[in-house]
Every structure is written in structure tokens, then in C-alpha cells.
1. Restricting to the stretch 65-85, give me the number of residues that are buried (at least 20 other Cβ atoms within 10 Å of the Cβ) and either modelled with pLDDT under 90 or not in a helix (DSSP H, G or I) (or both).
2. Do the conditions hold for TRP131, that is, is it touching a His at 6+ places or on another chain (Cβ under 7 Å), aromatic (Phe, Trp, Tyr), buried (at least 19 other Cβ atoms within 10 Å of the Cβ) and more than 23 Å from ALA69 (Cβ to Cβ)?
3. Taking ASP143 as the residue in question, decide whether it is at pLDDT below 95 and either within 20 Å of GLY86 (Cα to Cα) or touching a His at 6+ places or on another chain (Cβ under 9 Å) (or both).
4. What are the residues in the stretch 139-178 that are among the polar types (S, T, N, Q) and surrounded by 24 or more Cβ atoms within 10 Å (Cβ to Cβ), if any?
5. Select from the stretch 144-174 the residues that are closer than 14 Å to ALA71 by Cα and either of a type in the set (Lys, Arg) or out of contact with any Gly (no Cβ under 9 Å at 6 or more places or on another chain) (or both) and list them in ascending order.
6. Quick one: in the stretch 86-107, of everything that is without any contact (Cβ under 8 Å) to a residue 60 or more places away in the chain and over 14 Å from ASN176 (Cα atoms), which residue is surrounded by the fewest Cβ atoms within 10 Å (Cβ to Cβ)?
Amino acid sequence: MNTNKLDAVETEVEVEVEFSDEVADEIDDDVYSEVTDADIAEPDAADSDLDLDLEEPSPAEVEAAGTAARAIAWFRSRNRSTAYQGYCERAVRLAWGRKTHHGSANKHWNSPRDGAQHRNRNAPAGAFVFWNISRHGHVGIADGNGGFWATSVNRRIGHATSLGYFRNYLGWKPGNSN
């Protein structure tokens with residue numbers, strides 16, 4: 001078992017998560033979608049249109065933030081791993097512990113049962129973030145600060161500080177474990 005801690009952004013909360021070593025052996029029905037050098041935009045691209053919401057969170061938002069922290073912790077605990085290279089949809093599904101399976105990131109993005117599409121760069125922590133970089137698309141998990149965790153960041157699981165890291169950003173959908 002691997003145990004990792006994640007300090008929640010803007011709070012004094014510490015989340016401890018345990019992960020099984022057999023996670024990679026789960027389901028093999030996801031679609032492979034390799035990211036090439038041509039798909040990667042300027043990594044230092046900055047998003048200057050961030051909208052900061054300073055209102056008190058609702059109880060539902062606090063609960064979702066805990067789940068989002070666990071999804072981010074899943075990626076953080078696998079930082080630099082190549083085990084999910086080309087399997088981005090599987091990685092976000094496992095990070096959230098989702099029951100819903102999509103054959104590709106594009107199918108997830110276009111699924112009307114999976115939450116509303118938001119076509120801005122104000123993705124909250126834990127949101128699914130999508131790009132149209134191949135016929136299958138690409139998906140990661142927003143960090144809530146304008147960046148994300150995903151597969152194919154320097155050809156492995158990693159963190160990028162800007163949603164502009166990959167070309168053709170589509171938007172985000174709320175993260176969930178349904």
C-alpha cells in the first residue's frame with residue numbers, strides 16, 4: 001500500500017489516501033491515445049483570465065472538495081509513472097473511483113449524462129479537463145489553480161501549471177464518482 005498526504009488548497013485540511021498496488025490490473029477496455037510532440041503547446045503559457053470565487057463553500061462543495069483532493073492525490077502518488085500512458089480516461093476514472101466507463105476522453109466530454117460542459121478555463125479542483133488532441137481526445141484532473149494532473153505530461157503522469165500545456169483545450173466537466 002502507498003500512503004500519500006495532500007494539503008487542500010486554501011484550507012488547513014490534510015487528506016490521507018491509501019491505494020492498492022493492483023489498481024493497474026483493473027479494466028483493459030479503454031482506448032489508447034498517444035500524445036505526440038506536435039500536440040504539446042508552450043508549457044509556460046499563462047492563463048490571465050482566472051475567476052477567483054471567494055464565497056463560503058456549501059456543505060456539498062466541501063464534501064466534493066474532499067473527493068477532489070483524493071482524485072488529485074491519486075495522480076500525485078503516481079507522479080512520473082508511465083503505467084497509464086495512453087490511457088487517460090482510465091486514469092481519471094480510477095482517480096475518482098468512478099463506476100461509469102467511457103471508451104475515450106471524447107466520449108466522456110460528449111456524454112450528456114456526465115454533467116454540463118463548461119467552455120472556460122475556471123475549472124475547480126477535481127474537475128475533468130478535456131482537450132481535442134487526437135481522434136480519442138485527452139482528459140486530466142484540474143488542480144483548481146489553472147493547472148492539471150494527467151497522463152502524457154512529458155510522456156508520463158505529471159502536473160502542468162497551465163491548461164494551455166496541450167493544444168485545443170475544450171473545457172471542463174464537474175468531477176464525480178458516478
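1. Residues meeting the conditions: 3.
2. Taking the combined requirement at face value, the residue satisfies it.
3. When the stated conditions are applied, ASP143 does not pass them.
4. Listed by number, the residues that qualify are THR151, SER152.
5. Once the filter is applied, which keeps residues that are closer than 14 Å to ALA71 by Cα and either of a type in the set (Lys, Arg) or out of contact with any Gly (no Cβ under 9 Å at 6 or more places or on another chain) (or both), the stretch 144-174 yields ILE157, GLY158.
6. Only one residue fits best here, namely LYS107.
Yes or no, residue by residue, for (1) closer than 19 Å to ARG90 by Cβ; (2) of a type in the set (Phe, Trp, Tyr); (3) assigned to a helix (DSSP H, G or I):
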{"site": "TRP109", "(1), (2), (3)": "yes, yes, yes"}
{"site": "PHE130", "(1), (2), (3)": "yes, yes, no"}
{"site": "ARG135", "(1), (2), (3)": "yes, no, no"}
{"site": "TRP149", "(1), (2), (3)": "yes, yes, no"}
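The values are calculated or read from the model by the stated rules, or taken from the named source; none is laboratory data. The structure displayed is predicted, hence computed values, not measured ones. Methodologically, a virtual Cβ is constructed for each residue, glycine included, from the backbone with ideal geometry; neighbour enumeration extends over all protein chains shown.
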